[in-house]
Each structure stands twice: as C-alpha cells, then as structure tokens.
Amino acid sequence: MDVKAVFTNTTEHCERDHITELIFSCIDLRMKDRSGNSSVLGRPEFLSLNVPLRNNRSWKRSSQSKTHQNQQNENPPEPGENVKERREATRLPDEDCMLLNPSFRGIAINSLLAIDICLSKRLGVCVHTTSSWGSMRSAVTLLALTGHGITWICGTLVCLTQSSTLAGQEVLINLLIALIIDVLTVAGVQKLVRRKGPWDISPGFLDCVALDTYSFPAAHASRAAMVSKFLLSHLVLAVPLRVLLVLWAVLVGLSRVLLGQHHLTDMVCGFALGFLHFSLMETVWLSSGACQTLISIGTFSWSSVH
C-alpha cells in the first residue's frame, strides 16, 4: 500500500470537509442577515459597475460606524442619560449644512433684509463723530429729540396746564392718551421682536426711560407720523406750517437712521404704526365732558365736574 497515495486522499478529504463547513457557515450567516442585521461581512455583496471601488480604509470606517450604530440600537440608552444632548452633539454645524430647494418667499425675504441692512449701514453717516457727517451729529441728535416720547408727553402736560378753553383741553387730553398708547404699543412690539439696530450702539438714558431699546419698529417715526397727522386734523394751520409739519415728521424718522439706531424698514413700519395709532384714537375719541372728568380727577378738583 502506497503511503503517499493514502496521505493525499486523507488531505483531499480534510479539505473537502473544511470547505463544506465554510459553505454551511456562510449560509447560516446570510440567513441571520436576512432576519434583521444590516451587513454580515461589513461590505456590500454586489458592487455596481457605475460606482468606483473604495479603498480599504473607507470600508473599515463605514463598517465601524455601522457596527457602532447597531450596538446603539441593540443597547438602548439608560433612563438617566440625556438623549437630547447626544442628538445635538451628533448634529452637523450650521456652516456644514445646506438648505436644498429654498422657497421663492425665503429667497425674497432674505434678499430684502440684506438690502435693508446694507442701505441702513450706508445711511448711518452720523453714527460717530469721525463719520462722514460727524460734524452734523449734534444737530441730528437735537432733531431726533424733538420726536422723543418724553419730550412730547411733558410738552403736552405743560400745554394742558396752560390751556383755558374746553376745545383746547379736549384736543390735548386726546393727544396725551394717543402718546401714551403709542409709547406702550411700540415698546411691546420691540420687546416681542427684539431686533437690533444696524450699528452696535447702546440706547441712551431717555431711550431706556421711554422703553425704546430695540430697533423694530422705530418709535420716533411712529410718534412723528401720529403727531403730525393729529395736528393736521385738529388744528387750523396755514399751508407753509402744514408743509413744515410733514417735513418735520419725515426728518425725525430719518434722523434715527442717520444716527445708526434704526433700519430703513424700521422707519417705514414706524410711520405705518403711527397712522394706525391716529386711526385708533379717532375711533375712541373722548368727548369734552369725559376730558373734563379726567382733568378733575387729575387735579383733585371735583367741584368742576357737573
């Protein structure tokens, strides 16, 4: 009996048994893969001819990430762990994200806001004394002060104490109520929107007193529009004075843009809000009797109430 032939037959038999075990183990792994696992060998079973082959490092990275995800899915986080912090940590930064197919409305709004900021910064020629119109800063600040809420409320109270006619007192009381409504409404909208100005300028003391700390809407523009419309409707003025009153309202609204406190859109919305306040005051106009009652309550002179 040839020893060499026996050894060869034995080796071939062992190799066949080993190959058979490998085949059955692969079938068993593939059956497990169909039952729920994402990948058995850590690589795709079929490669497309249109996709180039990746190097081994990329496959290792992908297989490691897949196994890490499978471990996370199999082992859910404990109740004490904060899942929200994990999600925020795995999120991509904003500069790495790209909004696909933005809407036309979003593009238009962002473009208008960019134009508004650019024009407002260019018009801020009196922001500092070293600006292009820095020598006019004091005059522009004084012009803006004529449209301040504290200025108009104090001036209306002084005129009310000096007025002796019922018609004058009626107009001044309604103007005072309109000023208070304007200050409170603008302050409320500014607190809700919280829009900063085009320049990083902190509000002054009078602005903090009048609750005019944010940019949108422009309080001076709203007040100037409301006061000018109010005086044009309830006072008999000559044509030159009416023109000067309208010009004053426009310049007061523009002065805050020149000082870098507001954007152009803030000024426009402020004018619109001022006209709205005037219309509201015309709707709830107080009669002369109601005004006299308020005056008597304010001065504690009940004998004048009849």
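Just name the residue that is farthest from Asp207 (Cα to Cα) out of those in the stretch 232-254 that are open to solvent by less than 30 Å² (accessible area, probe 1.4 Å) and touching a Leu at 6+ places or on another chain (Cβ under 8 Å). Outline the logic, then answer.
From the stretch 232-254, those open to solvent by less than 30 Å² (accessible area, probe 1.4 Å) are 245, 249, 252-253; that's our starting set.
Filter once more, so that each one left must be touching a Leu at 6+ places or on another chain (Cβ under 8 Å): 245, 252.
Numbers: Leu245: 23, Val252: 15 Å.
The residue in question is Leu245.
Condition (residue is modelled with pLDDT of 80 or more, farther than 27 Å from Ala219 by Cβ, of a type in the set (Val, Ile, Thr) and assigned to a helix (DSSP H, G or I)) applied to the stretch 120-140: is it met by at least one residue? The answer is no, given that none of the residues of the stretch 120-140 is modelled with pLDDT of 80 or more, farther than 27 Å from Ala219 by Cβ, of a type in the set (Val, Ile, Thr) and assigned to a helix (DSSP H, G or I). Could you grab me the full set of residues in the stretch 153-185 that are of a type in the set (Ser, Thr, Tyr) and under 18 Å from Gly270 (Cβ atoms)? Within the stretch 153-185, just Thr185 meets the criteria.
Quick one: which residue in Thr265, Thr283 is in contact with a helix residue (DSSP H, G or I) (Cβ under 6 Å, 6 or more places away or on another chain), modelled with pLDDT of 90 or more, of a type in the set (S, T, N, Q) and open to solvent by 30 Å² or more (accessible area, probe 1.4 Å)? Every option except Thr265 fails the conditions.
Filtering the stretch 128-176 to residues that are aliphatic (A, V, I, L, M), touching a His at 6+ places or on another chain (Cβ under 8 Å) and over 22 Å from Glu282 (Cβ atoms) leaves only Ala144.
Sort out which residues of the stretch 165-205 are assigned to a helix (DSSP H, G or I) and aromatic (Phe, Trp, Tyr), and write them in order of number.
Phe205
One residue stands out in the stretch 102-156 among those that are within 18 Å of Val252 (Cα to Cα) and of a type in the set (Phe, Trp, Tyr): the one that is most open to solvent (accessible area, probe 1.4 Å), namely Trp133. Residues in the stretch 152-164 that are part of a helix (DSSP H, G or I) and hydroxyl-bearing (Ser, Thr, Tyr) were compared, and the one that is farthest from the chain's Cα centre (by Cα) is Thr161.
Of the helices (runs of 4 or more DSSP H) entirely within the stretch 206-306, those holding at least 1 residues that are of a type in the set (Phe, Trp, Tyr) and without any contact (Cβ under 8 Å) to a residue 60 or more places away in the chain occupy 219-234, 264-283.
Restricting attention to the stretch 178-214 and to residues that are modelled with pLDDT of 90 or more and of a type in the set (S, T, N, Q), the residue that is surrounded by the fewest Cβ atoms within 10 Å (Cβ to Cβ) turns out to be Thr185.
The values are calculated or read from the model by the stated rules, or taken from the named source; none is laboratory data. The model shown is predicted, which means the values in this text are computed figures rather than measured ones. Neighbour counts are summed over all protein chains in view; Cβ atoms, including those assigned to glycine, are modelled from backbone coordinates with ideal geometry. Just so you know, the surface numbers come from the protein's heavy atoms only, side chains and all, with ligands and any DNA or RNA stripped out. Shrake-Rupley method; radii C 1.70, N 1.55, O 1.52, S 1.80 Å.
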